[in-house]
Amino acid sequence: MGYLLVARHAPSIWGRFYWGSDKESLQASLFDRIHSVLCKIYLPRIEEIVSSSGAEAVVFTHYFGASVFAARNRLRIPVYYVNTDFVTHRFQRSGLFSASFVASDAAIEQYRTDGIHNVFNTGIPVSRKYCSPMSKIAARDRLGLDRSKKTVLVTGGGIGAGPVVDVTRSLAKEKEIQTLVICGNNLRLYSKLSSMYGKSQNVRVVSFVDNMPEYYRASDLAVMKPGGLSLSEALSAKLPLLLMEPIPGQEQLNMDLLCANNAARRLKDCRRAAEEALEMLENKSIMEGLAGGTDKFCRPRAAEEILDIITDR
């Protein structure tokens, strides 16, 4: 919850914390002490749950408490760590885990630099629905969309962060584009955009949805925040990506890596989002290049691969 508040309202503060704690420093040392105190308070409850459940392995997807739990329990039960961004932070890398799972060769190199070799590039786990995607036409029919129009999805992730309003305002001017805007849990954003485009014929505004695979498959392009899980879903759906204003830290690193590998492009000006979107959609060479880049990171079966590795060890 603390991360969500800072990320939404003061992203620069989160960025300073992220970069400052990713190396040996006074800031990192202070956090390590706070982390240690919190683990003494909360980890016993987690250990009790694990013990009473009869679990044969433990998989962490967040660094909080993970390495401390492994240090205290790895001789009794194997402990694994799954990174949910494409580049890792110092807090996530530990040789105490029975194995770690990452989503890029760059992350593998980070681990090896730290002398950790029990790490696998599996991708980030997503819903099994992405393993058998429906056709674009079927998805548009399911959502009641025009089959023939260029369709652009706009999302700021679960918290509805970023310049979603400016991006939507730009896209709404292009009548040949049908724009889908997902506001997540940001009710203020949903209320504002609904009042602006509630009667629009080419803009649809929704809040939190539980059928994201359909929205991804129905779209020709996504303008979105570069959060690790959202990116993995979109990449698994093989959706071309235009990435907007990352939160400093892991989102910035995600975006830099994907753009460097031609798996996404960066939105240069949110007020000209329509122009940049059309430039991509109408340029065959750009779209073919992105398709090739996307294939490097499209891992819809990441969860299965992780489970196979765990059960084989």
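Laboratory data are not the source of any read-out in this text; all were calculated from the coordinates shown. Remember, predicted model here, so these are calculated numbers, not experimental data. Every residue, glycine as well, gets a Cβ built from its backbone with ideal geometry; the counts of neighbours run over all protein chains shown.
Details
- In order along segment 102-114, the phi-based Karplus estimate (6.51 cos²θ - 1.76 cosθ + 1.60, θ = phi - 60°) of 3J(HN,Hα) comes to 10, 10, 7, 5, 4, 5, 4, 5, 4, 5, 5, 4, 7 Hz; Gly and Pro are listed as x.
- Extension gain from His35 to Ser52, taking 0.36 nm per residue of separation minus the Cα-Cα distance: 3.6 nm
- On Cα atoms only, tilt of 187-197 relative to the major axis of the chain in degrees: 10
- Inter-label distance, nm, simple model (7 Å from Cα along the C-beta direction), Glu279/Arg188: 3.2
- Extension gain for Lys173 to Glu109 (0.36 nm times residue separation, less C-alpha to C-alpha distance): 18.6 nm.
- Rounded to the nearest 10 degrees, the angle from helix 26-53 to the longest Cα principal axis of the chain is 80 degrees.
- Those aspartates and glutamates that a straight Cα-Cα span of less than 17 Å connects to Lys23, excepting residues fewer than 8 apart in one chain: Asp32, Glu109, Asp114
- Label separation (His117 vs Cys131): 3.2 nm, computed from points 7 Å beyond Cα along the C-beta direction.
- Share of pairwise Cα separations in segment 174-313, more than 22 Å, in percent: 44
- Kirkwood analysis of the chain, using all unique Cα-Cα pairs, places the hydrodynamic radius at 20.8 Å.
- Calculated FRET efficiency, Leu75 to Cys259, Cβ-Cβ distance, R0 = 41 Å: about 0.45 to the nearest 0.05.
- Whether segment 103-154 is rounded, prolate or oblate, judged on the alpha carbon gyration tensor where a/c under 1.5 counts as rounded: prolate
- The chain: angle of helix 11-21 to the longest principal axis, Cα-based, in degrees nearest 10: 30
- Exposure proxy shown here: for Ser200, Ser100, the number of other Cβ atoms within 10 Å sets the order, fewest to most, as Ser200, Ser100.
- Based on the Stokes-Einstein relation at 10 °C and a viscosity of 1.306 mPa s, and on the Kirkwood radius from alpha carbon pairs, segment 54-175 is assigned a translational diffusion coefficient of 89 µm²/s.
- Qualifying lysines (Cα of each under 26 Å from Cα of Lys284; at least 8 residues distant if same chain): Lys136, Lys149, Lys150, Lys173, Lys175, Lys225, Lys238, Lys268, Lys296
- The H on the amide N of Arg299, modeled in the peptide plane, is under 5 Å from the matching H of Ser236, each at least 5 residues off or on a different chain.
- Sorted into 10 angstrom bins from 0, the C-alpha pair distances of segment 2-121 split as 13, 39, 37, 11, 0 percent.
- Segment 235-256-segment 288-313 distance, computed between alpha-carbon centres (Å): 17
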